[in-house]
Amino acid sequence: LKRKFRKEHIQLMANETHDHGKDNEHRIQTVLNEKAGQKYGFYFPVFNQENGVLDVLKNTRKFYPESPIYVLQDGGALDFGALCKLPKYDCIFDKATPQNSRWNPHSWFIRMSKAARILGSEYLIYLEPDVKIIGRHSIEPKHDAGGIWDSFNPKMSDHTKSYLERLGKARDPCFSVKWTHFGLAGGSYLRSDAILDAFSPEHVKNLDWEGIKKEEGVDKSVSSDFAMLVALSARGYTVYPWEESAQFFKECTADASQEALAAFKKEFPACNLQAAFQHAHKELYQAEVTADDRALLSRFTDQPPDTTCHGCVWYVDSDPSKPLPIPSTPPKVEEFFTYNYVPKESEQPKKCEEHMDDSKSPKVLLESDAQGRVQAWNNLQGEHPDYVLLAGKEGLPIATGPRPSWLINQDELVVDARTKAGGMLIVQPVFMESSQLWGSEKGRPRWLRSILATNRHHAKEHGLAMALRWLPSQPQLTEWQRKQCGDKSEKECTQHNERENLNWEKHRMLKEYLQSSENFSHVLMLDADAALVNHNHNILKKMAEKLDNASSDVFFTNEDWLANGAKRINGGVILAKNTKWTQDLFQDTTQAHKNGPAGLKHWRIGAKDMQCSSNEQICLNDIMSGHEDAKAHMLVESGIYFNRGGCTVKGCYEAVSDSTMLVQGLADPRLEVLHFMGDHKLADKILCDSKEDYTKEGPAGYGCSQ
């Protein structure tokens, strides 16, 4: 499936791709199979400059040996295909119809989107033939895109800034443009999922290039580095200079005196001799090319004439299958998206304070160390408290390829077997906790891996998507918890409330994914120790059918597998149908927990003066018992079927309601979901080492390997 997915994207938009024969297709497949899924991939559109291209390729491969490099001949006649096969370059070579893309935004966005899909990396670093690479970068990207501190070119007008913020707030009501200059030149990074969203025809078609051109001028508005800033900002993505991307100036050299260099850097911060990527080194155009390399260079004999005009290549609805004649003017956009449109009151985006549940909470800074672990701390006072949250995604079954734009925050995709948008989503929180029972920086325990692999197989088998949350939302502590902690340190207070707060993250995830633009029909929340064990049919579909038959909105289970558990809701398995009522419910519960003992006076679902200052299961049980109208929307099904305790396979700590569960074990035809609450270390023995391998991956697979 992965090979098919990659091949489809390589052949995306046939009118963009020229056939170089079977050998080139095999070459692309081989490189992708070896290098897809890396954190960084490199996109290098080239023309007829050979010296600089080969020098940049050589140094990219030297400092990033693991990363894929996609070289696109974007209008020139030079064929770098044979050179890309050499180990010292080791790149993917492709060719596109000449369209002078760097000066034609519609063409540029389509080609960079294709590059992001082919590379399959988290970040795309854009290269040009005049980028001198002096080493591997050490400062990680912090934003959606970043490049040179280009204060030496004119910035966008305030009118353009306001226009982009108006559009960007549709996705993020708190968005503001942080950088108004150029800067996304060679040596810049862009997050792949931001590329695939902001540069998609669906969104590019709404940009009023004619209005922008009248304000900013033709060349400025359609140049690739400015046009990318426009498209990203219009979707609410943050662009800000990157310390590893610099500009070469004749005054900015190691030979300059310390005083002169300091004075120049103060005026032009783009002068940075330590940056990994140094733009505008035109001397690379004269870099040495060996005779052997030159012998492998060839020229295309069937090259169409290049397009030289600026801002003249446009597509209807930004769709490359609907090209306008060259030259042409930008297509018109709907009235709402025009440059000078003034929205009506009803068209104004949601205000930032209404959008942010935690807008009054302390801001938290997140940073990753070299291993990808995340440190988080309260940054209000400018000091580092004595507790740093360590979390990591080491050992999780994260899917390779571009990160879907619908994922929330730092969540990761495990698998997406859907054939179209919508469908059903499984989400599981997999936090490490201070006890390290759930994992540590060394990886994840076999018992947890066996559960995740079992659920991944179920998702693959039945056309579902599955995502994990490994980093809790910040801040973890609420204001009322801080007050209750009194003189306890940040560390003591966080650890004291850790289990409760991590459980509340489940309601936050349900709230967020029910509101996702992906428009999932149902979202299933599973505790990390719950496994979907009946692979013979789609368990989520079976739950959804029960919801429909009962005309309910959200599916819960009780603990009726215990003798005294039939009246208790267990929060480890929740299927929410995507309705306004379920969206309201989880907004209410999340807000009520944040308010703590003060409670929530008016609930969206109609409840009044209820509080959720304990764990989330107690909150759900209180809603069921105290709010009569909610019962019509909340279906409580048997845990024997859909949320059975794992202890029933070996013997439970208290009396069970049906002794046949102990006799039949996994062979019980009623069993759908097995929940190893309190019996975590039993999971891999059941899912991997019993008669049946529930992961379907064998003893050497992710879930069952020792």
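Numbers below:
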| quantity | calculated |
| --- | --- |
| For peptides 287-298, 588-599, sequence by mean Cβ density within 10 Å, most packed first | 588-599, 287-298 |
| Protection proxy ranking of 479-488, 204-213 - average other beta-carbon atoms within 10 Å, highest first | 204-213, 479-488 |
| Prolate/oblate/rounded label for the range 147-199 (Cα gyration tensor, a/c 1.5) | oblate |
| Per residue value of the accessible surface for the chain (all protein chains in place, 1.4 Å probe), Å² | 43 Å² |
| Diffusion constant of the range 98-162 at 10 °C, which comes from Stokes-Einstein with the Kirkwood Cα-pair radius and 1.306 mPa s, µm²/s | 106 µm²/s |
| Loop chymotrypsin sites (Phe, Trp or Tyr not before Pro), the range 650-705 (other Cβ atoms within 10 Å of the site Cβ: 15 or fewer; DSSP) | TYR653 |
| Distance violations [Cα-Cα > 22 Å] among LYS39/LYS511; LYS88/LYS393; LYS541/LYS580; LYS460/LYS580; LYS114/LYS142 | LYS39/LYS511; LYS88/LYS393; LYS460/LYS580; LYS114/LYS142 |
| Rounded to the nearest 10 Å², the accessible area of LYS161 at probe 1.4 Å | 60 Å² |
| For VAL656, distant residues with modelled amide H under 5 Å away | ALA563 |
| Of all accessible heavy-atom area on the chain, the percent that carbon and sulfur account for (1.4 Å) | 49 percent |
| Taking N as its residue count, the alpha carbon Rg of the range 224-289 over 2.2 N^0.38 Å | 1.39 |
| Per-residue SASA entry for ILE326, accessible area with 1.4 Å probe, Å² rounded to 10 | 90 Å² |
| LYS681 accessible area, assembled protein chains, probe 1.4 Å, Å² | 140 Å² |
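The values are calculated or read from the model by the stated rules, or taken from the named source; none is laboratory data. Bear in mind the structure is a predicted one, so any value in this text is a computation, not a measurement. Here Cβ is always computed from backbone atoms with ideal geometry, including for glycine, and neighbour counts include all displayed protein chains. Keep in mind that these areas ignore ligands, DNA and RNA; they rest on the heavy atoms of the full protein, side chains included. Shrake-Rupley method; radii C 1.70, N 1.55, O 1.52, S 1.80 Å.
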